[in-house]
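This report refers to the structure that appears directly beneath it.
The values are calculated or read from the model by the stated rules, or taken from the named source; none is laboratory data. Small disclaimer: the values here were computed from a predicted structure and weren't measured. Cβ: placed from backbone, ideal geometry, glycine included. Neighbour counts: every protein chain shown. Accessible surface areas use protein heavy atoms only, side chains included; no ligands, DNA or RNA. Shrake-Rupley method; radii C 1.70, N 1.55, O 1.52, S 1.80 Å.
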Amino acid sequence: LHMLETRLTARDRQLVYDRDLAGPDGKPDPVAFRAKLALPRRMMDEAQEAWLASSLKASVAAGRPWQVLGNEVLMARIPVPSFSKTLGEAELAKAMATLPQSGRNRIARMDQVAELGLPYGLDMWDGYPQARQRLYEILKEAGAHTVVVSGDSHAFWANELYDQPEGGSRVAVEFGGTGITSPGAGDALPGIPVGEVMARSAREVVWSDQAAKGFVRLTLTHTEARGDMMAVSTILEPTYETRTLKSFVVRPEP
């Protein structure tokens with residue numbers, strides 16, 4: 001288990017749409033924004049990257065079947081989804097009729113940014129693509145069988161991580177743990193299948209639930225890594241039940 005620190009010690013200032021997307025005329029300038037994204041900005045400093053490379057190589061050399069990364073923010077490529085294109089205008093209009101104005105405004109904003117093909121979370125690894133690529137090279141050089149376990153998003157995720165936006169090789173899988181009590185996007189948009197929209201909009205997202213609360217139960221053996229998405233029946237009472245929303249099994253690739 002290799003615990004990453006990407007919040008405090010080395011992260012470069014993250015981009016923010018409200019500040020960084022507008023051009024000199026005040027209109028969105030996605031070309032300039034993508035140029036900012038492509039700059040060699042860091043999530044981890046050189047010392048942490050060197051430590052991780054050494055630790056992964058030692059783990060592989062010792063015959064450990066899995067190398068698990070404890071990771072603070074999502075690593076997968078997740079573009080801002082278009083709810084109107086994914087669900088269709090008729091289905092979306094029906095679902096939005098029950099939303100408060102804040103929810104309708106949120107979907108409208110996301111649809112606007114989705115047209116530009118930009119990332120969903122700029123504080124995630126998507127906001128630091130060169131840093132993520134360096135990490136993927138570290139994983140490949142070590143020959144690691146990597147399982148990434150990520151937090152922060154208040155949602156469940158099962159993702160496949162590839163070293164290229166199109167094509168390329170799978171370098172890891174990612175299980176995203178939901179909030180224990182904190183609200184997620186599904187809570188802000190009740191009646192909208194947010195997780196389904198995310199999975200249908202992103203190549204690397206296999207499955208997502210944006211409303212359930214609970215935890216990921218990760219079981220590792222020499223032949224497989226199993227991620228069970230465990231949801232609790234309530235966060236409002238001390239007595240609750242758990243159920244498995246979804247399970248995923250990964251086997252080491254040669």
**Request:** Determine whether segment 75-89 contains at least one residue that is free of Cβ contacts under 8 Å to residues at least 12 places away in the same chain and not in a loop (DSSP other than H, G, I, E, B).
**Result:** yes
**Message:** Tell me which strands (runs of 3 or more DSSP E) are completely within segment 170-254 and hold 2 or more residues being over 14 Å from the mean Cα position of the chain (by Cα) and modelled with pLDDT of 95 or more, or say none if there are none.
**Reply:** 170-176, 214-220, 225-232, 242-250
**Complete:** Result of the Cβ filter at 7 Å on segment 155-181, keeping first residues that are in contact (Cβ under 8 Å) with a residue 60 or more places away in the chain and partners that are in a strand (DSSP E or B) and among the acidic types (D, E), at least 6 apart or interchain, is F156/D209; W157/E174; N159/E174; L161/E174; R170/E160; V173/E160
**Message:** Being free of Cβ contacts under 8 Å to residues at least 60 places away in the same chain and touching a helix residue (DSSP H, G or I) at 6+ places or on another chain (Cβ under 9 Å) is the filter here; which residues of segment 28-49 pass it?
**Reply:** A32, K36
**Prompt:** Can you name the number of the only condition in (1) over 28 Å from L218 (Cβ atoms); (2) charged (D, E, K, R); (3) within 21 Å of the chain's Cα centre (by Cα) that E72 fails?
**Reply:** (1)
**Asked** Among the residues of segment 200-216, which ones are free of Cβ contacts under 8 Å to residues at least 40 places away in the same chain and surrounded by fewer than 21 Cβ atoms within 10 Å (Cβ to Cβ)?
**Response** F215
**Item:** Enumeration of residues in segment 108-141 that are aliphatic (A, V, I, L, M), in a helix (DSSP H, G or I) and open to solvent by less than 10 Å² (accessible area, probe 1.4 Å)
**Value:** A131, L135, L139
**Request:** Within segment 1-51, track down each residue that is at pLDDT 95 or above, open to solvent by 90 Å² or more (accessible area, probe 1.4 Å) and basic (K, R).
**Result:** R34
**Prompt:** Scanning for something surrounded by fewer than 20 Cβ atoms within 10 Å (Cβ to Cβ) and part of a helix (DSSP H, G or I), does segment 60-74 turn up at least one residue?
**Reply:** yes
